[in-house]
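The values are calculated or read from the model by the stated rules, or taken from the named source; none is laboratory data. This is a predicted model, so every value here is computed, not measured. Using ideal geometry, Cβ is built from the backbone for each residue, glycine included, and neighbour counts are taken over all protein chains shown. The protein model used for the area step is the full one, side chains on, heavy atoms only, and it has no ligands, DNA or RNA in it. Shrake-Rupley method; radii C 1.70, N 1.55, O 1.52, S 1.80 Å.
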Amino acid sequence: MSNEKLLVVDDDALIRRSLAEMLRGLDYRVFEAGTGAEALRVFGQVAPDLVITDFNMPEVDGLQLLKELKARKADLPVILVTGYGTVEQAVDAMKAGAYDYVSKPILDDEMKLAIKRALDERSLRAENTDLKKRLDMRYGFDAIVGRDYKMQRIYDTIDSVAGTKATVLVTGESGTGKTLIARALHHNSPRKAQPFVEVNCGALPETLLESELFGYKRGAFTGANADRLGKFAAADKGTIFLDEINNASPMLQMKLLRILQDREFEPLGSNETMQVDVRVVIATNLDLPKEVEKGTFRRDLYYRINVVAVHMPPIRERVSDIPLLAEHFLARFAKENGKKIDGIDEAALDVLVRYPWPGNVRELENCLERAVVLTRNVRLTVEDLPPLMREGAEETPVQTSDDVVALKVALEDPERRYIELALRRFGSNRQETAKALDINRTTLFNKMRKYGLLEKY
Ligand SMILES: Nc1ncnc2c1ncn2[C@@H]1O[C@H](COP(=O)(O)OP(=O)(O)OP(=O)(O)O)[C@@H](O)[C@H]1O
Ligand SMILES: [Mg+2]
């Protein structure tokens, strides 16, 4: 069984020995000390997992010993044995950081339970910090918040492709974190010490974009007074992130295809071919297959960039992450603004969870920043949220016109709203939604069809 080390401290040898005996019988390795000073000495020698000490001892009493021990090892669980009927001692002990107290006369079962609880919790805590450390190491990016399974899958993908040179296509609506993921890919790659170069293909007119990407030779066009290196050359050995790729002109698409195939290009006005070693990450908020069908995006280029695809889910498909994200931004903006705000109240959180977030994480981020800057509360409340958001989330009252309609008809609207709410809570997972609503999946499906929700979720 267990072989944890316990230290029992009591100046009363009789009590100490009988407690130690009982604990040895449970297979713990038990050490004894008759004074506080001796206890500290033994503590230094054997590094016990838990200490049980009497409160009332001459010279160094249990409370002082507790403080001394905690100063040496803050997470050491200590159980105080307090005198019969002395509530104050128990209170003092807990305030000073005791894990628990047991009052005299000691009941074996009570003591056993207190020890077990303390040791169990300790190993649980150790596991948790370990997990967090492992996760941080793994993603190197505690800036990405999200526990939804869709996000977990994305972390897995990043984890497995970050180390490779594979082209990654990141898709998703505006504000879902595409840029963040592109950076994470770079920072988790062997290229992380090399440049990460970002180019927004939607922000520049076609000709400018080409010279921006590939550079030019002096005299290539009027105004080109000197040679200039482009972004691809600047990104050599590192990562280039091409955002809003759907804006690339047919000419540019052709050049990109060549870069992806052969990693080479010519600067404008030059017939000298340049070689680059770049990792390419591409983002778009359009549906590229549709663009391919329409003929505005080259099919061969699409196949080239769609080697590894990461789709960022919109917030409404990972509602369970809203509270996490909100807390994350709250803490960040409170710190930045030097404000003491310790959380978000239930009602406000409810509004946040119900709101559909068309602008995704960026909108949530802005919403929290605004709330933090404007609030005078120590806890964010509904009144700190934009009025529009509150209205949208408020229940529309049940019809109260004079016409009385069939009950079934009157209940349709609330039913639809409730089903939508549940779907959002469970990230559109129909199985979980049906289970939570206690209806079977076919019923849920039929109701979704009736209310036109099949497309939406
Ligand atoms: N999972 C997340 N955890 C924490 N912050 C996030 C997360 N996702 C996005 N953000 C933050 O939200 C904002 C928008 O993210 P980002 O710019 O990456 O979105 P995007 O998909 O690239 O948007 P766009 O399509 O407009 O370029 C950024 O400030 C980013 O830091
Ligand atoms: Mg972006």
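Numbers for the structure displayed
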read-out	value
Under 23 Å from the Cα of LYS178 - lysines, other chains or at least 8 residues apart	LYS150, LYS165, LYS192, LYS231, LYS237, LYS290, LYS456
Gyration tensor (Cα) of the chain, equivalent ellipsoid semi-axes in angstrom	58, 35, 21
Accessible area expressed per residue, the range 149-311, with surrounding protein chains retained (probe 1.4 Å, Å²)	48 Å²
Cα-centre dipole for the chain with unit charges at Cβ (Lys and Arg positive, Asp and Glu negative), debye to 20	1540 debye
The chain - percent of accessible surface contributed by carbon and sulfur, probe 1.4 Å	52 percent
The chain, relative contact order [Cα under 8 Å, separation at least 6], %	11 percent
Value of Rg to Rh for the range 149-311 (Rh from inverse mean 1/r over Cα pairs, i.e. Kirkwood)	0.97
With DNA, RNA and ligands ignored, accessible area of MET254 (1.4 Å probe; Å², nearest 10)	100 Å²
Span-like helix ranges in the chain, DSSP H, alpha carbon extent 27 angstrom or more, Kyte mean at least 0.0	none
Percent of Cα-Cα distances greater than 18 Å, calculated over the range 316-393	30 percent
Dipole of the chain [Lys/Arg +1, Asp/Glu -1 at C-beta], most positive-end residue of TYR28, LEU423, GLY44	LEU423
Shape of the range 164-213, Cα gyration tensor, a/c cut at 1.5	oblate
Accessible area per residue, Å², the range 316-393 with all protein chains present, probe 1.4 Å	52 Å²
Helix-only [θ]222 nm of the chain, DSSP H runs n ≥ 4, -39500 (n - 2.57) each, per residue, nearest 500	-14500 deg cm²/dmol
Residues with amide H under 5 Å from that of VAL81, placed H, sequence gap 5 or more	THR53, ASP54, PHE55, VAL102
Quarter of the Cα convex hull surface for the range 235-359, i.e. its orientation-mean projected area (nm²)	11.7 nm²
Under DSSP loop assignment and at most 12 Cβ neighbours within 10 Å, longest GluC sites (Glu not before Pro)-free interval of the chain	60-271
